[in-house]
Ligand code: SF4
Ligand code: SF4
C-alpha cells in the first residue's frame, strides 16, 4: 500500500479539484470511513485574512470540493483554524470572508464559531504534556488536516505536520514560541499536538504554494499538485522533496525521524503518482549554526558551538524599511519582548531575540525578512 499519494492538479476549478481529491484519497479508502452524522472537522490553514491568490491559506475551492464530498456521505462538516490573533468572532468572520470561504459555507460547511479553549493533559507527549487548545477540534469525530505547502522562516517549510500548530489559540502562540524557543523543541511540541489529535487524514494544497519570505509574505509559486496521506511525516518528506528542502533541515522531519515516525528521505516512502520536484523553489535561509553544536568533542565543542551559533545564526531583519507602516504588530507579538520601536520602525535586540520569526510571519507588509549572515551564506555554498 502507498504511504503518500500525489495527483497533478493545475488550477483551482471545482470539478478538477474534486477529481484530484478523490484520486489523492483513493489509496486510503477514499471517504468510505465517513459515516452518516459524523462531525468531521477540516483543520485548514487560515493563518491570516489573506486573499486566496496570495497562496498563504488553504484554497477555498479545495475546501468547497471536500465539503461537498463529505456532505454526500452525510457528515456534519466544520472548517476552522486559529490565526495568530484573537480567537473570536470579529477576527474569524473577517478571516473567513477574506479567505473566500463563503462557497464552502454555501455547500454546507459550518465555519467554526466555537471560540472556547480547553486545557488538556497528554502524558504520552515528549515535550508538551499539557497544553491549551481550541475546543472545536476536541469535539470532532474525525479531523482532516488540510494544509498549504509554503516556505517558513523558522521551520524551513510548513506543510502537514506544522498545520496542527493552529490548534493552539492565536494569542497563546507567542507564549508557545517562548516556551519552546529551540527549533527542535518547537518541532517536538508540534509532533505532540499531532500525536494528541491524530487527524484521520492529511491533505496538502500544493496547487499554488508559497516560496521565499513565507509563510505569509512570500511569493505564490505554482507546484500543481494535491497530496494525501495518513502519516503526516511521510507526507512532509514528499513535500520537502517537491520543493527541494533538505529533509533533516526541517525540524519537524528531524524530530519525526528521531522518534522513528518516518524514514530519513522521500526515497524510502512509497509514493503513488508522479513526484516532480519544482526547479529553484526559493526557501528561507536555514539556521545552519545548529549543525555546529557537536562539531568538536567535549567543552571545546560547546564553546565552538556557541561562537558558531552567534556568527552563523539567521535572524529577523527589517529589510524593507520603506514598506514598514509602524503598525507595532511585530513589537506586540514578540514573545521575547526583543522589539522596541524607534522612529516608528522596529529595532530588534539580538540578545533577547529567540529566533521564533513571529515578527517576520505576521508583519502585514512583508517588511521583515529572515537574514542570514554573509559568512553563513558562503559556508553553505
Ligand atoms: S509589523 Fe511590519 S509594518 Fe508593522 S511595525 Fe513591524 S515591521 Fe513595521
Ligand atoms: S524579534 Fe522576532 S524572531 Fe526575535 S523573538 Fe521577537 S518575534 Fe521572535
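No lab work stands behind these numbers, since they all come straight from the coordinates. The shown structure was predicted, so the numbers you read here are calculated from the model rather than taken from an experiment. When we count neighbours, we look across all protein chains shown, and the Cβ atoms used for this are built from the backbone with ideal geometry, even at glycine.
Note on 4, 303: ascending count of other Cβ atoms within 10 Å places them as 303, 4, the fewest first. As I understand it, the value is the acute angle between the Cα axis of helix 298-312 and the longest principal axis of the Cα atoms of the chain; what does it come to in degrees, rounded to 10? With both axes taken from Cα atoms, the answer is about 80 degrees.
Got a sec? How would 144, 79 order by Cβ neighbour count within 10 Å, fewest to most?
With the fewest neighbours first, 144, 79 line up as 144, 79.
Cα extents for region 36-97 along the principal axes, largest to smallest and rounded to whole angstrom: 34, 25, 14. If R0 is 41 Å, the Cβ-Cβ spacing of residue 306 and residue 26 corresponds to a FRET efficiency of close to 0.20. The peptide list 218-229, 234-245, put in order of mean Cβ contacts within 10 Å with the highest first, becomes 234-245, 218-229. What is the distance, in nm, between label points placed 7 Å from the Cα along the Cα-to-Cβ direction at residue 121 and at residue 320? If labels sit at residue 121 and residue 320, their model points lie 4.7 nm apart.
Tell me, what is the FRET efficiency for residue 8 and residue 139 to the nearest 0.05, using R0 = 45 angstrom and their Cβ-Cβ distance as r? Before the final figure, lay out each step's value.
Values: r = 36 Å, r/R0 = 0.79.
Efficiency, from the Cβ-Cβ distance: 0.80.
Summary of the geometry: region 61-103 and region 150-173, compared by the centres of their Cα atoms, lie 18 Å apart. Label positions at residue 282 and residue 93, each projected 7 Å from the Cα along the C-beta direction, are separated by 3.8 nm. Counting only DSSP beta bridges with both residues in the chain, the antiparallel share comes to about 60 percent. Peptides 104-114, 55-65, 190-200, 8-18 ranked from most to least packed give 55-65, 190-200, 104-114, 8-18, packing being the mean of other C-beta atoms within 10 angstrom over each peptide's residues. Note on the chain: helix-only mean residue ellipticity at 222 nm, from DSSP H runs of 4+ residues weighted -39500 (n - 2.57) and normalised by residue number, equals -9000 deg cm²/dmol. Is the shape of region 4-272 best called rounded, prolate or oblate, per the rule: a/c under 1.5 gives rounded, else a/b larger than b/c gives prolate, else oblate, with a ≥ b ≥ c the square roots of the Cα gyration tensor eigenvalues? It comes out rounded by the Cα gyration axes. In plain terms, the residue of 155, 184, 210, 1 with the fewest other Cβ atoms within 10 Å comes first and the most crowded comes last, giving 1, 184, 155, 210. Taking Cα atoms only, the orientation of helix 232-243 departs from the longest principal axis of the chain by about 70 degrees.
Highest mean packing first, where packing is the average number of other Cβ atoms within 10 Å per residue, the peptides 125-133, 249-257 line up as 249-257, 125-133.
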